[in-house]
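Notes follow once the structure below has been shown.
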């Protein structure tokens, strides 16, 4: 009986969703704003990568919220996991020679690659979030391969706070120099060069540092807890 | 092109089903990471390299690592 009711309810829900989705034309342009960003974005923001222009410039405030969500998640995880754990040094067995050598060779390359991704966020695909995630995966490799090494908590907290502060400060400077929060007040420069697009590269470097240190500290907390 | 994409989607479906069927949780996590990896390749083929990068770094690497750390603290096999 209950199963029959459940199936009936599911069918009703499916019908409702399919009827409401039927009205929406598939694959056609529904709003004009997307077209506007594609046509005018490069001129207006100076960023060649339109995705970055939207993420950091047109929707910069949303990105600030996104960064804040990640920040709160990292803080919460740290508060829950670090509560009862002392700072004592624990004995860990060292990794095999292959893993140790491999991670020592690869770590600097991964770091450089992540940095490249977020510095060139306005020119090539990628940006602060992607670069930060790549850097954090490099730190994960260090935790797996060279277990006696630890990132300094002070340095990671410093990078995290500085990244967030730079983002907010640049947003506030927009209010000082112009009319609204996160105004692109710096000169745009010539498109397709490293020093172009005004505040976009600065904000993306800040986000890169912030996301990288946050994700690395999440991994740090989890691994410390699990040993 | 269409052959490659259909093969990838098929592989992704197999990996997704495997992730929910496996009793060994480590294998399930690896299968879930494979889903993420193929999703990132598909994002790249659909001309969304920004999303592909985030998916590959977060979905395939970091999430799998966090799951494996969590499994190490609990039990490896589902009952």
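What the table shows:
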item	result
Test result for residue B:39, at the interface with chain A (Cβ under 10 Å from one of its Cβ atoms), buried (at least 18 other Cβ atoms within 10 Å of the Cβ) and within 30 Å of residue A:208 (Cα to Cα)	no
One residue from A:99, A:123, A:111 being more than 21 Å from residue A:209 (Cβ to Cβ) and either surrounded by fewer than 20 Cβ atoms within 10 Å (Cβ to Cβ) or in contact (Cβ under 8 Å) with a residue 60 or more places away in the chain (or both)	A:99
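Table: residues versus (1) at pLDDT 85 or above; (2) part of a loop (DSSP other than H, G, I, E, B); (3) under 28 Å from residue A:160 (Cα atoms).
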{"residue": "A:24", "(1), (2), (3)": "no, yes, no"}
{"residue": "A:52", "(1), (2), (3)": "yes, no, yes"}
{"residue": "A:69", "(1), (2), (3)": "yes, no, yes"}
{"residue": "A:90", "(1), (2), (3)": "no, yes, yes"}
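The values are calculated or read from the model by the stated rules, or taken from the named source; none is laboratory data. Please read these numbers as outputs of a predicted model, since none were measured by experiment. Heads up, the Cβs are rebuilt from the backbone with ideal geometry, glycines too, and the neighbour counts pull from every protein chain shown.
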